[in-house]
1. If you place +1 on the Cβ of every Lys and Arg and -1 on the Cβ of every Asp and Glu, how big does the dipole about the Cα centre of the stretch 153-218 come out, in debye to the nearest 20?
2. As I understand it, the dipole of the stretch 1-111 uses +1 on the Cβ of Lys and Arg and -1 on the Cβ of Asp and Glu, about the Cα centre. Which of Trp78, Trp57, Gly99 lies farthest toward its positive end?
3. Pulled fully out, how much extra length does the chain show between Tyr150 and Trp183, if you take 0.36 nm times their separation in residues and subtract their Cα-Cα distance?
4. For labels at Arg235 and Glu161 in the simple 7 Å Cα→Cβ model, what's the distance in nm?
5. State, in angstrom, two size descriptors of the stretch 141-270 derived from its alpha carbons: Rg to one decimal place and Dmax to the nearest whole number.
6. Points 7 angstrom from Cα along the Cβ direction at Leu71 and Arg130: gap in nanometres?
7. Report the normalised scattering of the chain as log10 I(q)/I(0) at q = 0.14 Å⁻¹, calculated by the Debye formula with identical scatterers on the alpha carbons.
8. Rounded to the nearest 10 Å², what accessible area does Thr153 have for a 1.4 Å probe in the complete protein model?
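The values are calculated or read from the model by the stated rules, or taken from the named source; none is laboratory data. It should be emphasised that the depicted structure is a prediction, and the values quoted were computed from it without experimental measurement. Here the Cβ positions follow ideal geometry from the backbone for every residue, glycine too, while neighbour counts run over all protein chains shown. All accessible areas refer to the heavy atoms of the entire protein, side chains included, with ligands and DNA or RNA removed. Shrake-Rupley method; radii C 1.70, N 1.55, O 1.52, S 1.80 Å.
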Amino acid sequence: MSTPRPAPDRYALYSAAAQNVEADLDFAKALYRRRHGVAPRRLREDFCGTARLACAWVRGGRKREAWGVDLDPQPLAWGERHYRQALGAAAQRVQLCRGNVLTARTPPADMILALNFSYCIFKQRAALRRYFRRARAGLATGGAFVADIYGGTGAITATREQKVIRRARGPAGERLPPFRFTWEHAHFDAVTHDVLCHMHFEVLGGKRYPKAFTYDWRLWSIPELRELLQEAGFRDVEVHTHGWTRQGLSDGIYRRVDRFDNEIGWLAYVVGWR
Ligand SMILES: C[S@@+](CC[C@H](N)C(=O)[O-])C[C@H]1O[C@@H](n2cnc3c(N)ncnc32)[C@H](O)[C@@H]1O
């Protein structure tokens, strides 16, 4: 009789459901190379959680270095065990820093990435501007700050989106069992733009992870981010969004835009250059 497989950890499910590390790194690398003609080397991942992105960065090149900053020791410890230690000798080129992005001090980075909308934790303009100032101070001259943003008519209402993820892999490349991922906007406040989000997971025919992750955010808009980045001293601020397939899905190809028509749901990167 075969022994049942242990239920996957919620961080492994999170990563399979919410992260697109290779695509994020490809975007950031190409962005930097287009502007400077050389490849970036030093990357900082703000709000890094398990630091999967920072670890993937150093795995991709022998001269690369990375720093990951997060307040929470739990995902940092998980990332240390599953991503950083798996790098072998290259692990010495990744530093995981437990701390606040508002006070973090790291060597000047070519790029700082703040992904999965984590800056939405800051709900006041002054707090977000303060964070952007700190991020700018953490960049080398010519460095890029990259944050992602989501929006659209479907983003400003209480809603639930579900998808079944059938072919995902865990941190060691092991197959994860098929699972249902639910992204819930439990509440959206029209006055404050406060949004309460939950991520729920359910292994098909197996363990449930209700409210595996909860986020109490303010949903910012692109013009607000642009203005705050400029007020924080970023020289050029750019917006890059994806195109659409005939089926109305993202084509995954991000291009710089000055305007685009609103849709039900879209993703974009907002980039500030120091
Ligand atoms: C949505 S998770 C993002 C994880 C990862 N960046 C990703 O792309 O999936 C948000 C993370 O931000 C961290 N966090 C929240 N406030 C923070 C702060 N002020 N400084 C550093 N980390 C913070 C949380 O501990 C959490 O791990």
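1. The calculation lands at about 500 debye.
2. Trp57
3. Here the answer is 10.6 nm.
4. 3.5 nm
5. Looking at the stretch 141-270, its Cα Rg and Dmax stand at 17.4, 52 Å.
6. In this crude label model, Leu71 to Arg130 measures out at 1.2 nm.
7. Those come out to -1.07, one per q.
8. Its heavy atoms expose roughly 80 Å² to the probe.
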